[in-house]
Amino acid sequence: MTELKTPYLDVRSVGKRFGAFWALKDVSLRIEAGEFVCFLGPSGCGKTTLLRIIAGLEQQDGGQILQKGRDISGLPSSQRDFGIVFQSYALFPNLNVKDNVGYGLQGKGLGRSAVADRVKGLLELVGLAQSGAQYPAQLSGGMQQRVALARALATSPSLLLLDEPLSALDARVRAHLRTELRQLHQRLGVTTIMVTHDQEEALSLADRIVVMNHGVIEQVGTPQTIYQQPCSAFVADFVGKTNPLPARLSGPGRANWHGLELACEHLPHLPDHTEVTLTVRPEDIVLHPHSEHGDNPENHGTLQAPLHASNRLGATVHNLEFLGPFCRVSMHLAQNGQILVADVPTAQALHMGLAAQRRLTIDLPARHIRVYGAHARAH
Amino acid sequence: MRAAWQRLDRDDLWMRFGVVLLVLWLAVTLVLPLGTLLIKSFRDADGAWVGLANYASYFATPSLTQSLWNSLWVSTLITALVLPLAYVYAYALTRSAMPGKSVFKALALIPILAPSLLPAISLIYLFGNQGLLKDWLFGASIYGPIGIVISQVFYCFPHALMILVVALSMADARHYEAARVLGASKRRTFWTVTLPGSKYGLISAGFVVFTLAITDFGIAKVIGGRFNVLATDIFKQVIGQQNFAMGAVVGFVLLLPAVLAFGADRWVQYRQVALLTARAVPLVPVRHTVRDASLWLFCALVALAMLVMLGMAVWASLVTRWPYNLTLTLANYEFSNFDSEGWQAYRNSLQLAAWTAVLGTVIVFTGAYVLEKTRGFALVRGATQLMAMLSMAVPGLVLGLAYIFFFNAPGNPLGFVYGTLAILVINSIAHFYTVSHITATTALKQLDAEFEAVSASLKVSLGRMFARVTVPVCLPAVLDISIYLFVNAMTTVSAVIFLYGSDTKLAAVSIIHMDEAGFTAAAAAMAVVIVATSAGVKLLHSLLTWQLSRRTQAWRVR
């Protein structure tokens, strides 16, 4: 294979085994310089192991890692080029903020004043110029996180590794730091890999997301691609929410879900009668007030007509969950006894007067129904 | 594709080098001597291999097996007496709202600062042939099991107390609230919450007391009279009859119950699950007049007994001629009148304690660090960990005997240390290794496991990190280790009785010699000097810890 351009980081068929358990199976990945990449997945999916292998903190059992074209697989951590921030921050409790940040600069032949200037600059960068003399225990979680970040950046590494850096913080601080992290990355342009199990974090921060599950990469793509074109039922369910519907193909563009014929737009080349998983996102389900003539809704003009009449169903509200900006409605389908979940903007829910036992007519637009071969990977 | 094996960097190599040094150290100071002792027990006086013949003749000698039986029942009795006493005392310190807790705690720890000989000497003055309270024994003699048991109860009490205080302070107030809400009576709450919660502490304390009691030599020597126990048997076989092979056999017989107790304790500790989670609500004792008053009375009686023991020794050391001339004098402190070494023995002890504290702390802490933080090397590290824990199970007397065989063996290149202060220092470090090692390991485990990874990513060497972060953060533990080693080296008898040379006689040994020669008052005086030294150093240590924590541990205060 000819390579047009050498990627910044090239992970080639990396495997890692703990006893009989394969934490990583044949993982390959290319990361370009300056990218912000998130490893996203449930706990135990191997994302942290992959990060630690890139840092040299774990020894891989197979495969290679190339950084700027140089094979670093055999190098110990101390000879690799990276800065790292751990979930615990691992700040030195007996050193104040200045000494923590300057820890990697001392004893490197830099003058005392050069170190002090660099530390000052870094503290300004993370907005802690006033806190230099304080000890970690005196700082809030968010401030400790910034100190850890400044310390990791002190030696100007070309790769920044972040191991769930925000997960120990409360929701408000987390959202705030997320924005700052994004701005910092845009300012410094340092290639960044962040491990997270929080899909919202990954969607808002990353240039590209690497979704992992059971030690393999499920999908690599931009946040939009991952969300709109998930390549497996697992990704569809893990990133955002979805209704996984076990079904069987019954013809071109048609699938049978528990006795209901549904039209679906995205059909892979699968033979009839193949077992598949259909997914439809809760926000893509369209709700109408109940009408006796299922194929003739009252508010016809305001809604896009479905591609096929068979995707119009009758349903009864089973349960209603108020979630602020929207309501999550779980509905019981009269035709096949299954449950579907839909998200409706709160204003619309109020307008429709949604309540338990309320009868509805719903549309499952065919272009929003995705089809995945077999549901082995469905979560 | 087979992965390239990660190369070791310089730090990895240094750490592994450190582990290897530690293995060598523990092998030379502990494992090889014990091995030599074992081999010795299979040989006759001329060095010929006789298999189990020595053991057979041991068990065929009624006077020797009698000692084994004596040791077992006396130690069991001591354990049965110490545990309830220490448990109630610890309960009062942790679960009552009685006044004066810190004073009571300090008084209860007095015996730790003294050689085990001190309570025995005091008992002789109280209940001996010319004792103050001789009538209290209704004609029974203090020389024998009664004296041994009472002295040992004093000597072992603080060791059990410390473990039980820790066990009882780990209480989650929520359990007690739950019991109250569910309508459990006080008695039922004690049996269902308090006692199960401190069960492991109680078991652990039991093993510690039993091991201390069965392995101690000084008390049986001074107050045992004609009542023989294993520890005195070893001494008689080796020093009295020069029967080294039989000494080795008795040594192994003594090692056995200690190792069993130790193994059982480890097993119990392993089964213990953390009772206290991070979310536990600490229990704050509330005032309860009747309970607090009765516990205070109990503690006052125990503390009084401690003070009487110490006071009796001090008084006896100051009296001209007991019991005929009670005028006070300092003549008993003119040690050169009673023992050839005089005050030199005390100076030797000071030197030994200082060297043991300094060198021991460096070796133990650095050793624990390399064991804890070396990457890979798992088998060697596991084996070393086992060796570090083994030392606790080895009675001092057995270790001392093993040192004779090992270091005095012809052809041993290390033979030059025999008879010097160096062998005493090495022996003391080896003897008190385990507790220090556990202290260091516990402190190191509290450090964030990612410190080393951070240092590696910032290209800072481990040595630099050790000096700038690890040692400063662990300073309280480092100081604890040094004071523990100092006090133990100052007070120990059993570990060094076989090993001192003509010019390295120690204070604790001279107590035994002066007592044997009938100069009991001088022996008491020397014991008092040792207590005063230990207490003084302990005080200094507290001041130093307080000073240091103000300067370097500022980060601990929010």
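Summarising the label geometry, the points placed 7 Å from Cα in the beta-carbon direction at B:ALA264 and A:GLN106 lie 5.1 nm from one another. Along its three principal directions, the equivalent ellipsoid of segment B:283-329 from the Cα gyration tensor extends over semi-axes of 39, 9, 6 Å, largest first. Using equal-weight Cα scatterers in the Debye expression, the normalised intensity of chain A in log10 at q = 0.07 Å⁻¹ is -0.43.
Label separation (B:GLU177 vs B:GLN385): 3.7 nm, computed from points 7 Å beyond Cα along the C-beta direction.
Rounded to the nearest 500, the 222 nm mean residue ellipticity of chain A from helices alone is -6500 deg cm²/dmol, with -39,500 (n - 2.57) taken per DSSP H run of at least 4 residues.
Each residue of segment A:12-23 is assigned a 3J(HN,Hα), and the resulting list reads 10, 6, 7, x, 8, 10, 10, x, 8, 9, 8, 6 Hz, derived from the Karplus form 6.51 cos²θ - 1.76 cosθ + 1.60 (θ = phi - 60°), x at Gly and Pro. Ranked for footprinting exposure by Cβ neighbours inside 10 Å, fewest first, A:LYS47, B:LYS40 give B:LYS40, A:LYS47. Counts of other chain beta carbons within 10 angstrom of each beta carbon in peptide B:457-470 average 5.
The H on the amide N of B:TRP343, modeled in the peptide plane, is under 5 Å from the matching H of B:PHE335, B:SER336, each at least 5 residues off or on a different chain. A DSSP coil position with no more than 10 other Cβ atoms inside 10 Å describes the following chymotrypsin sites (Phe, Trp or Tyr not before Pro) in segment B:308-400: B:TYR324.
For a straight C-alpha distance cut-off of 18 angstrom, the lysines reachable from B:LYS236 (same-chain residues fewer than eight places away being disregarded) are B:LYS40, B:LYS221. Within straight-line reach of A:LYS16, meaning a Cα separation under 14 Å, sit the following aspartates and glutamates at least 8 residues removed in sequence or on another chain: A:ASP26, A:GLU58, A:ASP61. Cα centroids of segment B:60-97 and segment A:169-243: 63 Å apart.
Between B:ASN337 and B:LYS236, the C-beta separation translates, for a Förster distance of 41 Å, into a calculated FRET efficiency of about 0.90.
The mean of 1/r over all pairs of different alpha-carbon atoms in chain B, once inverted, gives a Kirkwood hydrodynamic radius of 25.4 Å. Between A:PHE18 and B:LEU304, the modelled label-to-label distance comes to 6.0 nm, taking each label 7 Å out from Cα in the direction of the beta carbon. Taking amide H positions as modeled 1.01 Å from N, with prolines and chain starts lacking one, the residues under 5 Å from A:LEU24 and 5 or more places away or on another chain are A:LYS16. Within a straight-line Cα-Cα reach of under 15 Å, B:LYS459 can be paired with the following aspartates and glutamates, leaving aside sequence neighbours fewer than 8 residues apart in one chain: A:ASP81, B:ASP9, B:ASP11, B:ASP12, B:GLU450. Amide H contacts of A:PHE39: A:MET194, A:VAL195, A:THR196, A:VAL210, each under 5 Å away and 5 or more positions distant or on a separate chain (H built 1.01 Å from N in the peptide plane; Pro and chain starts excluded). Per-residue packing, averaged as other Cβ atoms within 10 Å, sorts the ranges B:232-242, B:161-171 into the order B:161-171, B:232-242, beginning with the highest.
Measuring r between the beta carbons of B:ASN243 and B:LEU414 and using R0 = 25 Å, the FRET efficiency lands at 0.50. In the structure shown, do any of A:LYS25/A:LYS241; B:LYS101/B:LYS199; B:LYS105/B:LYS134; B:LYS105/B:LYS445; B:LYS105/B:LYS538 have a Cα-Cα gap over 25 Å, and if so which? In this structure, A:LYS25/A:LYS241; B:LYS105/B:LYS134; B:LYS105/B:LYS445 exceed 25 Å between Cα atoms. With Cα atoms defining each centre, segment B:119-176 and segment B:1-59 are spaced 38 Å apart in the structure. Mean separation of Cα pairs under 8 Å and 6 or more residues apart, divided by the residue count, gives chain B a relative contact order of 22 percent.
When each of the peptides B:492-501, B:14-23 is scored by the mean number of other C-beta atoms lying within 10 Å of its residues, the order from highest to lowest reads B:492-501, B:14-23.
Extension gain for B:ARG271 to B:ASN129 (0.36 nm times residue separation, less C-alpha to C-alpha distance): 46.2 nm. What does a probe at A:LYS5 reach in segment A:214-253, counting residues whose amide N is under 17 Å from the point 7 Å along Cα→Cβ? Only A:221-222 fall inside the zone, counting backbone N under 17 Å. Paramagnetic label reach from B:SER57 (point 7 Å along Cα→Cβ; backbone nitrogen cut-off under 14 Å): within segment B:241-273, residues B:241-250.
R0 = 22 Å: FRET efficiency of A:GLU283 with A:GLU200, Cβ-based, nearest 0.05?
On the way: r = 15 Å, r/R0 = 0.68.
After rounding to 0.05, the efficiency reads 0.90.
Could you work out the mean projected area of the convex hull around the alpha carbons of the protein assembly as shown, in square nanometres to one decimal? Kindly include the intermediate steps, with their values, before the conclusion.
Details: hull surface 212.6 nm².
Computing the convex hull of the Cα atoms and averaging its projections yields 53.2 nm².
Over chain B, DSSP H runs of length four or greater, each weighted -39,500 (n - 2.57), average out per residue to a 222 nm ellipticity of -21000 deg cm²/dmol. The mean number of Cβ atoms from other chains found within 10 Å of a Cβ in peptide B:441-454 is 4, as a whole number.
Values in this text are rule-based calculations from the coordinates and carry no lab data. Source: prediction; values computed, not measured. Note that each Cβ is placed from the backbone with ideal geometry, even for glycine, and that neighbours are counted across all protein chains shown.
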